[in-house]
Every structure is written in C-alpha cells, then in structure tokens.
Amino acid sequence: MMTKKHFQKFADAIALVEDYQDRIKIRDLIIGVLASDNPRFDASRFDEWIRRIRNNDDKGIEIK
C-alpha cells in the first residue's frame, strides 16, 4: 500500500508539468490508481498539494 510520502512524490511530479491541460490529464489518470491502492487517499488534499507546489507555497501540505 502506498503512503502519504508516495502520494506526495506523485503530486510533486505532476506539479512540474507546465501545461495545465496535460497536468489535469495526468492527474486524472493517476488519481484512480492512488485511490484504489489506499482507501484513505484524499483527492482534494492531493490537488491542494499540487496547487501549493505550483505556487511555491511552503512545501505543500501533508497528505494523510
């Protein structure tokens, strides 16, 4: 089972994608896998982490 550290690494990688449409497509593909792997996965927190990384806000938030 993947943990929050795994989720954060995925979010960090997605945040590096410059094109918005590409970023959304990749996020949509990955989010289903993450949710099926760990029932505690929270898509809204995942999105918030990506947003904060994109905007250089701190180090994001912890995904629990």
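The number of Lys pairs in the chain with C-alpha atoms less than 17 Å apart, excluding pairs fewer than 8 positions apart on the same chain, is 6.
How big is the dipole moment of the chain about its Cα centre under a simple scheme where the beta carbon of each Lys and Arg is +1, that of each Asp and Glu is -1, and everything else is neutral? Debye, nearest 20, please. Don't skip to the answer; put the middle values down first.
On the way: 13 positive and 12 negative charges, 46 e Å.
Charge dipole of the chain: 220 debye, to the nearest 20.
By Kyte-Doolittle mean hydropathy of at least 1.0 and Cα axial length of at least 27 Å, which whole DSSP H helices of the chain are selected? Span-like helices here: none at all.
If you average the sequence gap of Cα pairs under 8 Å that are 6 or more apart and divide by the length of the chain, what percent do you get for the contact order?
Details: 61 pairs, mean separation 26.6, N = 64.
Relative contact order here is 42 percent.
Throughout, read-outs are computed from the coordinates displayed, never taken from laboratory work. Predicted model only: the values in this text are computed from it and were never measured. Quick reminder, even Gly has a Cβ in these numbers, built from the backbone with ideal geometry, and neighbours come from all protein chains shown.
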